[in-house]
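What follows is a single structure, written as structure tokens, with notes after it.
Taken together, the values in this text are just the output of simple stated rules run on the coordinates, not laboratory data. Keep in mind it's a predicted model, so treat the numbers as computed, not measured. When we count neighbours, we look across all protein chains shown, and the Cβ atoms used for this are built from the backbone with ideal geometry, even at glycine.
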Amino acid sequence: MDLHTLSVAELAAGLKARRFSSLELALHFLGRIERLGPDLNAFITVTADRALEDARAADEVLGRGEGGSLTGVPIVHKDIFCTDGILTTCGSRMLGSFVAPYDATVVARWKAAGTVLLGKANMDEFAMGSSNETSYFGPVRNPWDPGRVPGGSSGGSAAAVAACLAAAASGTDTGGSIRQPAALTNLTGIKPTYGRVSRYGMIAFASSLDQGGVLARSAEDAALLLAAMSGFDPRDSTSVDVPVPDYAAGLGAPLEGLRLGVAREFFDAGLDPGIERRVRGALEWLEAAGARLVDVSLPNLPLSVPTYYVVAPAECSSNLSRFDGVRFGHRCDDPRDLADLYKRSRGEGFGAEVKRRIMTGTYVLSAGYYDAYYLKAQKVRQLIAADFARAFSEVDVIVGPTSPTAAFELGAKTSDPITMYLNDIYTIGANLAGLPAMSLPCGFVQENGRDLPVGLQLIGPHFGEQRLLSLAHRYQQETDWHRRVPPGCE
Ligand code: GLN
């Protein structure tokens, strides 16, 4: 049996029926990580001992006939989540030797649900990037074509799950970092409503945008894992006290009558024609299955990239000020004085993209430019949120592409940050408005004889996660794009 291609739901059923043990499962995945992991560079840390310990504990629980739908299931965490006693780098030299003294809430909740931790996934430095090329630990490769990027910033999580090195992974999404890598690696990824998942112990990039979520191989798996990480947390003041539905149990909803908003701004000149064909194909399928396609407009959406690249750097410049070599982070050798200590520690600890964001953020927040940039961006952010609110008075879900292109070649965009930033043109709006959004596989385009995955994006109203997951699940019951595994990873 190919244990690594089973879904989380299938793994849970097999574990419960004792067809295989959690220990066997952990050893199987650890073996694959050893074989396939180094070339992909998907992991910063492999926690083999911890995985075996978790698996033995899960087997004990299962042996008593207890445990839930995630007991014994092997997962990885993006290295942005603090894990007690385990290296937590956030993809940066700044935290290159940081061993977290506590678990993030997401980590604690998945642990309490009985998951088995295989390791910590590579990521863009401080989650800043769309290609996983800003990581201090080197770029991650896309299992569909090792010459291409897996997307970012949750690129290690995506590559690990896509290559079947883990059943699922956590990720974070500030401007698209769950959905875009999911799209580029043929996964189902969900970023829930802002406030749905606790940010406690999730290293902050842009606090008003950051949200934890899941990368998995199906909507059903995403539903199980999202429910397990969601819910109110008194340790995060932006966590919202709204009950968490049993997403997996609610997956049956029919498509008939569902109003799908096709926003014209998602089909602009920047969209690759091959991607557009696949996305339109999925929309036709949904229409044939009973959903109604409605044209909508989000007129301020084209402003989302410039707005985001003022707001996110502003917040990051503040959040990252704590890494000063005194309280937190890398400290330079033999500082001459305090100023030298700050300058060299930060100069050595941060990479180029992080420095670019800190400088931009400091600039837009400075007394002379605050009104012209930061305040203006906050106003446009409200306009974008209002566009979505208006659209959701007419439709139930907004649909479109996740990413304007398929996976691109390593190095193709690294010298031009603006081109890189445009990868997130379709995803950033949901973050600015705090809305739940997901990406699911809807076909492939061919480049140089390789199949490259295409993602369909769904955006819902606040706390509309169930609606998105149900729609995705219906689609996945009838299509098999999401079941395809990269060549060599079968
Ligand atoms: N690519 C975007 C950025 O570089 C979004 C990253 C993210 O969602 N963490 O900021």
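Structure values in brief
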read-out: Ranking of Lys413, Lys191, Lys16 by count of other Cβ atoms within 10 Å, fewest first; value: Lys16, Lys413, Lys191
read-out: Order of Leu224, Leu118, Leu293 - criterion: other Cβ atoms within 10 Å of each residue's Cβ, fewest first; value: Leu293, Leu224, Leu118
read-out: Cα shape, the range 355-490, gyration tensor, a/c 1.5 rule; value: oblate
read-out: Long-range amide H partners of Arg292 with built H, under 5 Å; value: Gly257, Leu258, Arg259, Leu260
read-out: In order through the range 386-399: 3J(HN,Hα) via Karplus (6.51 cos²θ - 1.76 cosθ + 1.60), integer Hz, x for Gly, Pro; value: 5, 4, 5, 4, 5, 4, 6, 7, 10, 10, 8, 9, 9, 10
read-out: Selection of trypsin sites (Lys or Arg not before Pro), the range 328-361, meeting DSSP coil and at most 13 other Cβ within 10 Å; value: Arg336
read-out: Stokes-Einstein D for the chain, Kirkwood Rh over Cα pairs, 37 °C, 0.692 mPa s (µm²/s); value: 148
read-out: Cut-off 12 Å between beta-carbons: net charge of the residues surrounding Ala166, Lys and Arg +1, Asp and Glu -1; value: +3
read-out: Amide H contacts under 5 Å for Leu298, placed H, 5+ residues apart; value: Arg264, Glu265
read-out: Selection from Phe29, Leu251, Thr105, by position along the positive dipole direction of the chain (Cβ); value: Thr105
read-out: ³J(HN,Hα), Karplus 6.51/-1.76/1.60, whole Hz, each residue of the range 153-161, x for Gly, Pro; value: 8, 8, x, x, 4, 5, 4, 4, 6
read-out: Between the range 428-490 and the range 1-51, the Cα center-to-center distance that results, in Å; value: 23
read-out: Qualifying trypsin sites (Lys or Arg not before Pro) for the range 33-70 [loop in DSSP, other Cβ within 10 Å: at most 15]; value: Arg64
read-out: Amide H contacts under 5 Å for Leu410, placed H, 5+ residues apart; value: Arg148, Val149
read-out: Net dipole in debye of the range 134-257 [+1 Lys, Arg Cβ; -1 Asp, Glu Cβ; about Cα centre; nearest 20]; value: 380
read-out: About the Cα centre, charge dipole magnitude for the chain (Lys/Arg +1, Asp/Glu -1 at Cβ), debye; value: 440
read-out: Unit charges on C-beta of K, R, D, E only; dipole of the range 298-425, Debye; value: 340
read-out: DSSP-loop GluC sites (Glu not before Pro) across the range 230-335, with at most 16 other Cβ within 10 angstrom; value: Glu256
read-out: Under Karplus coefficients 6.51, -1.76 and 1.60, residue-wise ³J(HN,Hα) of the range 447-453 in Hz, glycine/proline x; value: 9, 6, x, 10, 7, 10, x
